[in-house]
Amino acid sequence: MNAAREQGGERGNAAMDRIPAPLLFLAAGTSQYIGAALAVGLYATIPATSVAWARGAVGAVILFALVRPWRLRWTRRELAQTGLFGVVLLGMNMLFYVAIDHLPLGAAVAIEFAGPVVVAAWGGRSVRHRFAVVLAAAGVLAISLVGLNWNGERTTAELALGLAAALGAGVLWAGYMVIGGRIVKRRSGVASLAMGLTFASLLYAPLTAAGAVSALSWPIGITLALVGLLSTVVPYTLDQVTLKRLGTATFALLNALLPVSATVIGVLALRQIPTWGEVAGTLAVSAAVWISAPRKRPRPGSALEHGSRGEGH
């Protein structure tokens, strides 16, 4: 039985290896933001934080069954670090879902990307790193002050809440990258993701689960399952493949395309037509993501190798 399972896994890996890594990366990003677009459709009946919790819980169940992390040996310190990793990750997703409840999808993703830009440029002292931070800040300001319609359908309080949630998600994304980078130096990132999401889902359940459970029906349950599958299981699983195969330059370029791809999906799936300020700000943040990336392959376990897909990521 084990031999057959190993042979099946090898065939699956061989099939995956035949698919170009950039295509896998873009497929993961597309899957993630399609899941976010589906989540927005649930906000009329379920609070944004409850949708995010359900996404994490579904992802935890699926990953827990696939990865079976209980077979590994865990020290107390490893469990504590993994639990913190999950709490930060799920908290980041909750804030991001609050953000896209009040902001266009592309704008929220671009603002959130400011966190990874700061992390990537933190250790750099060159003009390039400083320019990346300035460019990211300019992009966020362009979206916030010029791109968003402060006199439109959404109230000032709603837009302010969306901006605060997006920035908060970016801060937690930065923490996720730092903690995740330390984890993958010592043990399986996927197993830690499964354990961390399971812990975080249980921890947040008393605060958020009721909103999802009370509105549960077959259509909503199926949609929540799709959100968890598309936004958590598919992108994080594909990341484990692409991050080992992509060169740094290609990886940085593809990461820089994610805010743009989120804007495109927002237009196609949610009919969110961006303003010129949103377009300019998104392009500025995308350029900052590319500029801030290292120009050589990162050390194993570094923040970049762990991945900067946050809503991912």
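The values are calculated or read from the model by the stated rules, or taken from the named source; none is laboratory data. Predicted model, so just to flag it, every value in this text is computed and none were measured. All Cβ positions, glycine included, derive from the backbone under ideal geometry; neighbour counts span all protein chains shown.
Just one of (1) at pLDDT 85 or above; (2) in contact with a helix residue (DSSP H, G or I) (Cβ under 8 Å, 6 or more places away or on another chain) trips up Gly189, so point out which.
Checking Gly189 against (1) at pLDDT 85 or above; (2) in contact with a helix residue (DSSP H, G or I) (Cβ under 8 Å, 6 or more places away or on another chain), the one that fails is (1).
Based on this model, can you work out whether Thr30 counts as crowded, with 17+ Cβ neighbours inside 10 Å, under 21 Å from Ala200 (Cβ atoms) and either among the hydroxyl-bearing types (Ser, Thr, Tyr) or in contact with a His (Cβ under 9 Å, 6 or more places away or on another chain) (or both)?
Judged against the criteria, Thr30 is not a match.
Going through Thr49, Thr45 one at a time, which residue ends up being in a helix (DSSP H, G or I) and over 16 Å from Leu229 (Cα atoms)? Before the answer, list the steps.
On the way: Thr45 fails: in a helix (DSSP H, G or I).
Of the residues listed, the single one that is in a helix (DSSP H, G or I) and over 16 Å from Leu229 (Cα atoms) is Thr49.
Is there a residue in the stretch 70-93 that is crowded, with 18+ Cβ neighbours inside 10 Å, under 17 Å from Leu258 (Cβ atoms), modelled with pLDDT under 90 and of a type outside the set (Gly, Ala, Ser)?
Within the stretch 70-93 (the criterion being crowded, with 18+ Cβ neighbours inside 10 Å, under 17 Å from Leu258 (Cβ atoms), modelled with pLDDT under 90 and of a type outside the set (Gly, Ala, Ser)), the answer is no, since none of the residues qualifies.
Given (1) within 13 Å of the chain's Cα centre (by Cα); (2) within 18 Å of Gly277 (Cβ to Cβ), identify the lone condition not met by Pro116.
(2)
Run down Ile111, Ile143, Ile100 and say which single residue is under 25 Å from Thr237 (Cβ atoms), of a type outside the set (D, E, K, R) and at pLDDT 90 or above.
Ile100
Kindly list, by first and then second residue, each pair from a residue in the stretch 28-55 that is more than 12 Å from Ala212 (Cα to Cα) to a residue that is among the aliphatic types (A, V, I, L, M) and surrounded by fewer than 19 Cβ atoms within 10 Å (Cβ to Cβ), limited to pairs with Cβ atoms under 8 Å and residues at least 6 apart or on different chains.
Listed pairs, sorted by first residue: Gly29/Leu257; Ile34/Ala269; Gly35/Leu226; Gly35/Leu229; Ala37/Ala269; Ala37/Leu270; Leu38/Leu226; Val40/Leu270.
Residue-by-condition table, conditions (1) in contact with a Phe, Trp or Tyr (Cβ under 9 Å, 6 or more places away or on another chain); (2) more than 21 Å from Val51 (Cβ to Cβ):
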site: Val109; (1), (2): yes, no
site: Gly115; (1), (2): yes, yes
site: Arg128; (1), (2): no, yes
site: Phe131; (1), (2): no, yes
site: Asn151; (1), (2): no, yes
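Considering only residues that are crowded, with 17+ Cβ neighbours inside 10 Å and either within 18 Å of Arg76 (Cβ to Cβ) or of a type in the set (D, E, K, R) (or both), look in the stretch 159-186 and name the one that is modelled with the lowest pLDDT.
Checking each candidate, the answer is Ile183.
Assuming Tyr204 fulfils every condition listed in (1) crowded, with 19+ Cβ neighbours inside 10 Å; (2) within 13 Å of Trp53 (Cβ to Cβ); (3) modelled with pLDDT under 95 apart from one, which condition is it?
Of the numbered conditions (1) crowded, with 19+ Cβ neighbours inside 10 Å; (2) within 13 Å of Trp53 (Cβ to Cβ); (3) modelled with pLDDT under 95, the odd one out for Tyr204 is (3).
Tell me whether the stretch 65-84 contains one or more residues that are under 13 Å from the mean Cα position of the chain (by Cα) and part of a helix (DSSP H, G or I).
No, the stretch 65-84 contains no residue that is under 13 Å from the mean Cα position of the chain (by Cα) and part of a helix (DSSP H, G or I).
State whether the residues of the stretch 215-233 include one that is at negative phi, among the hydrophobic types (A, V, I, L, M, F, W, C) and assigned to a loop (DSSP other than H, G, I, E, B). Lay out the reasoning, then the answer.
Kept after step one, since they are at negative phi, are these residues of the stretch 215-233: 215-233.
Then drop every residue that is not among the hydrophobic types (A, V, I, L, M, F, W, C), which leaves 215-216, 218, 220, 222, 224-227, 229-230, 233.
Restricting the remaining residues to those that are assigned to a loop (DSSP other than H, G, I, E, B) gives 215-216.
Among the residues of the stretch 215-233, at least one is at negative phi, among the hydrophobic types (A, V, I, L, M, F, W, C) and assigned to a loop (DSSP other than H, G, I, E, B), which makes the answer yes.
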